[in-house]
Amino acid sequence: MTVKPFGILLRAMKRLIAILLLCSLLLLSCGENADNDKIQLSFWQFWTSPDVKPTIEGFVTEYEELHPDTEIELIDLTWSDGHEKIVVAFSTDAAPDIVELGSDWIVEFADKGVLMDVSEFHAAHVDELMMWEPAQLDGAVYAIPWLLGTRVMYCNLDLMHRADIDSDRPPGTWKELLSWSGRISELGAPYYGFGSNSAERHRLYKKFLPFLWSNGGRIVSEDGTTCRLDQVEAIDALRYYVELSDVGLMETQRTLDDKFLAGEIGFILSGDWLLRRIATTPPDFDLKTALIPVPNDGDTSVSFFGGEYLAISNNSPNRDAALQFAEYLVSRKPNYSFCTAAGSPTPANVEAARMMAEKTDSNALTFLNQIRTARTSPAHPKWVHIEEALERAVEQAIYHQVSPVEALLEATNSINEILAE
Amino acid sequence: MNRMTGRKSVTFAFLLPWLITLSLFWLYPLLHSLYLSFTDYELLSSTTEFIGLQNYIRLFGDPTFLEALKNTAIFVIGTIPFTTVIALGLALLVNRKIPGAQIFRSGYFVPSITSLVVMALIFTNLYSKGGYLTMLCDFAGLPTPDRGFLLSETTALPAIMAMDIWIACGYYMLLFLAGLKSIPEEQYEAAELDGASSWDKFWRITLPQLRPIALYIILINTIKSFQVFVEVFVMTKGGPLNSTLTAVYFVYDRGLHKFNMGYASAAAYVLFLIIMLFALVQMRVFKVGRSTAE
């Protein structure tokens, strides 16, 4: 018998191609049915935890019931690689219709022209939502505030008493914070007065900025053309932050939170995620949240704020429908329910924030008070480069590689070069 | 003739899926990134300009990139000899006819099959201030850094290297074990009859016979070590003070975080050339060694 392998293979391949074609036709026909009927919206978001995800899914279901012509596909992102996925999606024209963006990412995307200009929406809702600053570039607005977050000071009152600090209130000034931290640290290991963030990328600068801002310093001038880190306010703030780090424990944010909850740290700056942990497993000591201490009595405490914003892809074929869905998400009721589920005391919707203030406890209320005067990093397309230079300066200073003055002068030169590009 | 053509076509047809995959997902990106390395391409940007060798020239004047190369070189030089020697030692140990050898073999191999991210997270906790490793060092009277191993600029890189050696040893042990099993028993018996000592047997039979597998291990380990990324990404993000910044992390940061894909591609190609150079040198050294032995 003569074997004709090529012939057999050809026949097999023909059959395979026929089957594949048939399958593709079937799939295409199914897709067409779905496409014809409804507006398809894809929504990329970061809330994957089992406590919050059902709430978001509930919003989608409710919205789809209210708008039977719309179908929303929910795609989860993670903080470890979400930014990269969004970048790749935008660069390959595969971006979702709506995407949740961290506040410090908006300008870099807006600068590349991939986000829809929502200035008209902003004009109509400017008083209904808080904190539009991170979403603005060259007079236009590119994202909608959804959920906000700031940093406050958490105090272990028991440790204060053990260190014979004769006060029932948390430290209010820099002097008190430094001196009281020193006294708690004198109790010896494992107790530390202040929990200072170590060399953690994208986190360290957020802990230094409240000291800079509360001391009247700035990163860049108001017109955004010159770096102001070489000014005396900035230098004094970094000097103080180094002193504070020296009397405390320098660790990662996660470890600092753990050690604070274990009752080993007197004072730390942290976000609302720690409130959620406290609510789940209350620690066995008295604690209190407070505004971040200021240089002198009467000064304004200025913390860092960031948040989650909703942006719409410029290339989305359903921009209006996407905007409508975003409008629903930031409206009072969903915004309040979302923040309640997420354990965040700071919704972007003003009415929702008011409802939150009425129902929340004093520790959560501190966040609402702190965010009133909070600021965010300058909205500059090259912010990631500026952030790197600033963070390096703080890192070098707290590791005593160079003095705060030298570190800030070097950072000023680098940032001025970036601003001049 | 027709039959020959038919056979060739069949071979080609069977190779086609792999060739398509190779071309689409390996060859094309490789060549495209070579092209990008000569441009100022930025992610999300609509315009791209050909800038010749500017990215490469800028790279060699960039202190951060040079720091990343230095750290990568320390990582490679500091891990490969240890990993290879320890893996060989473990392979020799578990190759003996001792009770429970199978358990040891499996045990040493477990870290190699566990997710690197999981291992990195576990070690981040072990290395932290108050973590088990720090406590163990304190107990043994060994010096420990004030801030935990990963937060001190002098110990962060060695700590990641130590973890990497521990993880990699098991896999290379298994390869050495396969090499040991393939050495004919008769050669040892003949050597014993000639009165050879254990050392002579190891030096004159085992080691020369393991040369091909050793070359493979060193080569693969060199390439893998030059590309170290996950450990750094999970444990330190290149810090503190860039002390753990490696070449691939630099590429990732410049490309995907700062959008500067042209510059990142140039850095990737510099790394590619360095790896190729190392691989060629290693192959030459082992080849020379083999012909001398022969």
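Bear in mind these aren't lab numbers, they're just calculated from the coordinates by the rules spelled out. All values derive from a computational prediction rather than experimental measurement. So basically every Cβ, Gly included, is an ideal-geometry build from the backbone, and we count neighbours across all protein chains shown.
See the values below:
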read-out: Ranking of A:GLU57, B:GLU186, A:GLU233 by count of other Cβ atoms within 10 Å, fewest first; value: B:GLU186, A:GLU57, A:GLU233
read-out: Tally of Lys pairs whose C-alpha atoms are under 29 Å apart, taken over the stretch B:52-293, 8 or more apart or cross-chain; value: 16
read-out: Only Lys, Arg (+1) and Asp, Glu (-1) charged, at Cβ; chain A dipole about Cα centre in debye; value: 1080
read-out: Per-selection metrics, the protein assembly as shown (Cα): Rg and Dmax in Å; value: 30.2, 103
read-out: Proxy reagent accessibility, fewest Cβ within 10 Å first, across B:MET283, A:MET130, A:MET160; value: B:MET283, A:MET130, A:MET160
read-out: 43 Å tail of the calculated P(r), chain A, as % of Cα pairs; value: 22
read-out: DSSP loop trypsin sites (Lys or Arg not before Pro) with at most 13 other Cβ within 10 Å: longest gap in chain B; value: B:98-294
read-out: The stretch B:45-124, Cα convex hull volume normalised per residue, Å³; value: 189
read-out: Rg [Å, one decimal], Dmax [Å, integer] - the stretch A:66-213, C-alpha atoms; value: 22.0, 66
read-out: Global size of the stretch B:52-293 as Cα Rg and Dmax, reported in angstrom; value: 21.0, 68
read-out: For chain B: relative contact order, % (alpha-carbon pairs under 8 angstrom, 6 or more apart); value: 29
read-out: Kyte-Doolittle at least 0.5, axis length at least 15 Å by Cα - qualifying DSSP helices, chain B; value: B:2-22, B:63-94, B:101-113, B:116-127, B:156-181, B:207-226, B:261-293
read-out: Average other protein chain Cβ within 10 Å of Cβ, residues A:87-93; value: 3
read-out: MRE, 222 nm, helices only [DSSP H, n ≥ 4, -39500 (n - 2.57), over the protein assembly as shown, to nearest 500]; value: -18500 deg cm²/dmol
read-out: Most mobile listed residue (A:ILE312, A:ILE371, A:ILE75) in chain A, GNM with C-alpha springs under 10 Å; value: A:ILE75
read-out: Partner chain coverage, peptide A:246-254 - average Cβ within 10 angstrom; value: 3
read-out: q = 0.10, 0.11, 0.16 Å⁻¹, the stretch A:166-308: log10 I(q)/I(0) [Debye, one scatterer per Cα]; value: -0.35, -0.42, -0.88
read-out: Kyte-Doolittle at least -1.0, axis length at least 18 Å by Cα - qualifying DSSP helices, chain A; value: A:5-37, A:53-66, A:232-246, A:383-398, A:404-420
read-out: Å³ per residue enclosed by the Cα convex hull of the stretch A:325-414; value: 150
read-out: Average Cα contact separation per residue, chain A, under 8 Å, 6 or more apart, as relative contact order %; value: 23
read-out: Test item: B:236-244 mean partner chain Cβ contacts at 10 Å; value: 5
read-out: Where only C-alpha atoms are counted, convex hull volume of the stretch A:99-162 per residue in Å³; value: 122
read-out: Where chymotrypsin sites (Phe, Trp or Tyr not before Pro) fall in DSSP loop in the stretch B:1-96, at most 14 other Cβ within 10 Å; value: B:PHE60
